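Can you keep this structure in mind? I'll have questions shortly.
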Amino acid sequence: MADSGRSISLLGRLAAWLARALLRLAARVRVDGLHNLPRNGPLIVVANHLSNADPPFVFGWLTPALGRQMHILAKESLFVGPLGTFLRSQGVTPVRAGGNDIEAFRAAKAVLDRGEVLCIFPEGTRSRTGQLADPKPGAALLASRAAVPVVPVGISGTDRFLGPGRVLPRLRAPITLRVGRPFLLPEPDPALSRREQIRGAADEIMGRLAALIDERHRGAHRPRMDSDAPIG
């Protein structure tokens, strides 16, 4: 049976505290829905991606709320020198551009098999428009195969705080993180092809994210309103 996941290391606690402190100093931060996070069992956290500020935003607030180690998939170009060593020590796993890295998929599945928490940005990279982009298939495929709860996390405003092309943040810009209730993807429909099943799972995930972000970020994705009873 999967355990409840690794406890947070001292270094992890310090890194999360530092992320919160710096973001509170630089931006006007609002965080809602942390009570929706399950404290036990395997879990996939999915978040939209607008800025390089998003990973520390998610890590800084969700780590203490979860009370356990959170593993994040990140682009392999970040894993250089001391930064790469630090990222690996904090459970960050490198993935290749394009989202087709089978080794990363296996590593992610192993995290869930151990009963731990995995964080994925389904779009695979930062949005260049400030709107939800089409997702890569990896998050939907993993969530479908693992059959574990998924928690959507909507991020708003970080594109104006530190979006693509910005070297310095726009100080005191408002940024928001909203945590939705956990959900399970529906059972696969045997009448649909594998591609159609993954597309449906991806649409479900992106719809849940769209419901948690500001309207200007939604783009073509229709919000999926949460009418289900919470899991756990």
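Quick one: is Leu11 modelled with pLDDT of 95 or more and outside any loop (DSSP other than H, G, I, E, B)? First the steps, then the outcome.
Values: modelled with pLDDT of 95 or more: no; outside any loop (DSSP other than H, G, I, E, B): yes.
No; evaluated as a whole, the condition is false for this residue.
Step by step: first the residues of the range 51-90, then only those that are outside any helix (DSSP H, G or I) and within 12 Å of the chain's Cα centre (by Cα), then the one that is surrounded by the most Cβ atoms within 10 Å (Cβ to Cβ). Which residue is that?
Of the range 51-90, the ones outside any helix (DSSP H, G or I) are 51-53, 67-75, 79-80, 90.
The next check asks that each one be within 12 Å of the chain's Cα centre (by Cα); those that pass are 70-74.
Numbers: Met70: 26, His71: 22, Ile72: 19, Leu73: 24, Ala74: 16.
So the residue we want is Met70.
What pairs come out if I take residues in the range 162-188 that are polar (S, T, N, Q) and pair them with residues that are not in a loop (DSSP other than H, G, I, E, B) whose C-beta lies under 9 Å away, six or more apart or interchain?
Between residues of the range 162-188 that are polar (S, T, N, Q) and residues that are not in a loop (DSSP other than H, G, I, E, B), the close pairs are Thr176/Val29; Thr176/Arg30; Thr176/Val31; Thr176/Asp32; Thr176/Gly154; Thr176/Ile155; Thr176/Ser156; Thr176/Thr158.
Ok, one more. Could we say that Ala210 is farther than 21 Å from Leu66 by Cβ and touching a His at 6+ places or on another chain (Cβ under 6 Å) here?
Numbers: farther than 21 Å from Leu66 by Cβ: yes; touching a His at 6+ places or on another chain (Cβ under 6 Å): yes.
The answer is yes for Ala210.
Could you give every pair whose Cβ atoms fall below 7 Å, whose first residue belongs to the range 65-76 and is farther than 11 Å from Glu116 by Cα and touching a residue at least 12 places away in the same chain (Cβ under 8 Å), and whose second residue is among the polar types (S, T, N, Q) and in a strand (DSSP E or B), counting only separations of at least 6 or pairs across chains?
Between residues of the range 65-76 that are farther than 11 Å from Glu116 by Cα and touching a residue at least 12 places away in the same chain (Cβ under 8 Å) and residues that are among the polar types (S, T, N, Q) and in a strand (DSSP E or B), the close pairs are Leu73/Thr93.
From the list Ile175, Ile155, pick out the single residue that is at pLDDT 95 or above, surrounded by 19 or more Cβ atoms within 10 Å (Cβ to Cβ) and touching a Ser or Thr at 6+ places or on another chain (Cβ under 6 Å).
Ile175
Inside the range 96-109, can you point out the residues that are part of a helix (DSSP H, G or I) and either of a type in the set (A, V, I, L, M) or modelled with pLDDT under 80 (or both)? Walk me through it before giving the result.
Residues of the range 96-109 part of a helix (DSSP H, G or I): 102-109.
Hits for the range 96-109 are Ile102, Glu103, Ala104, Ala107, Ala108.
For the range 174-216, enumerate the residues that are within 12 Å of Pro152 (Cβ to Cβ) and assigned to a strand (DSSP E or B).
Leu177, Arg178, Val179, Phe183
Looking at the range 128-142, which of its residues are assigned to a loop (DSSP other than H, G, I, E, B) and in contact with a helix residue (DSSP H, G or I) (Cβ under 7 Å, 6 or more places away or on another chain)?
Passing the criteria: Gly130, Gln131, Leu132, Pro135.
Taking Ser77, is it closer than 25 Å to Gly130 by Cα and of a type in the set (Gly, Ala, Ser)?
yes
Kindly evaluate Thr93 against the criterion of being touching a His at 6+ places or on another chain (Cβ under 9 Å) and over 25 Å from Arg13 (Cβ atoms).
Here the answer is no, as Thr93 does not meet what is asked.
Okay, moving on. Would you say Arg145 is outside any loop (DSSP other than H, G, I, E, B) and free of Cβ contacts under 8 Å to residues at least 24 places away in the same chain?
For Arg145, the condition - outside any loop (DSSP other than H, G, I, E, B) and free of Cβ contacts under 8 Å to residues at least 24 places away in the same chain - is not met.
While we're here: With the requirement that a residue be within 16 Å of Ala65 (Cβ to Cβ) and of a type in the set (Gly, Ala, Ser), what does the range 22-55 give you?
Gly33, Gly41, Ala47
Right, something else. How many residues, within the range 124-143, are under 26 Å from Asp113 (Cα atoms) and either crowded, with 19+ Cβ neighbours inside 10 Å or of a type outside the set (S, T, N, Q) (or both)?
10
Next question, about the same structure. Looking at Thr93, is it assigned to a helix (DSSP H, G or I) and β-branched (Val, Ile, Thr)?
Considered against the rule, which asks whether it is assigned to a helix (DSSP H, G or I) and β-branched (Val, Ile, Thr), Thr93 comes out as no.
The values are calculated or read from the model by the stated rules, or taken from the named source; none is laboratory data. Note that this is a predicted model, so its numbers are computed, not measured. Note: ideal-geometry Cβ built from the backbone for every residue, glycine included; neighbour counts use all protein chains shown.
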